[in-house]
Each structure stands twice: as C-alpha cells, then as structure tokens.
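Take a look at the structure below.
Derivation of every value follows stated rules applied to the coordinates shown; laboratory data play no part. Everything quoted here is computed from the prediction, not taken from an experiment. Please note: Cβ atoms are built from the backbone with ideal geometry, for glycine as well, and neighbour counts cover all protein chains shown.
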Amino acid sequence: MTRATGRLVVMFDRDCGLCQATARRLSRWDRNGRLEMLSLQDAAGSDRPVFADAARRHPVLEQPDVVEETTGRVDAGGAAALAIAAALPGGELIRPFRGFPPTRWIVGALYGLVARNRHTIGCRLGLEGPACDVPR
C-alpha cells in the first residue's frame, strides 16, 4: 500500500479509451480514496522512483499494474484486478478469495481476454478516438 494512507497506485495506458474509461469509473467507485490513478506515460517520467522503475520493468500497455509504493510490489493483470476489487467498497467479500488458485486463474484468463481485445472493445463502445479502424 502506498505511503501511510494504504492506497494502491493503478497504472494504466492513457492512450487506450477503455483504460481511461475504467480509470474514471474506478475513481468514482473508490469512495474511500484507496486508489490513485497514474498513467503509464506519466509514471515513466515520475519523480517517484518506484513508479518510474515499474513503468520501465512492466509493460502496462499489455495489462494494468497496481503498485504498492512502500514495498515496490507490482501486481499485474488478473492479480491487479483482484487487488483493485479488494480495495474498493465491498472488497471485504473478495479478499478471502484473492489467494485461492482457481479464482486467480479465472480472473487472470478473463482479464487476459479483455486486455488482448481492449482497443476493439473500446472502439465498439465508442471510447477510442476517430482513428479507430473497427466498424461501429
């Protein structure tokens, strides 16, 4: 968890419409202020070394990363989705299942499917820019 506030830093691709929409939605959903949104593009030039390092080491363009600043621990993909869900209101229902292998596998597989198709999904939902080549 970051700093003394127990916040998770969610790194996402600001050039992806679906990623931007998800970050906005998570920010609204996060009534307790447990998440901080940080684009990969901003993280790469951050004066906070743990984020600059995470941006260099982990290709968040493939999947989001959740970084705990105090420990430097990075969770990615399905593990990041579970960490985010556990931090949101109602997350106490998810926390017991985070370490359960079938849960991690199922969430990871579903997340991977969405991640591989995020631009197509974003285009179909009207979240990508005018250069989107997927028919609407």
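Go through ALA85, ALA55, ALA21 for me and flag whichever is crowded, with 20+ Cβ neighbours inside 10 Å and in a helix (DSSP H, G or I).
Answer to the selection: ALA55.
What do you reckon, is THR71 outside any loop (DSSP other than H, G, I, E, B) and not acidic (Asp, Glu)?
no
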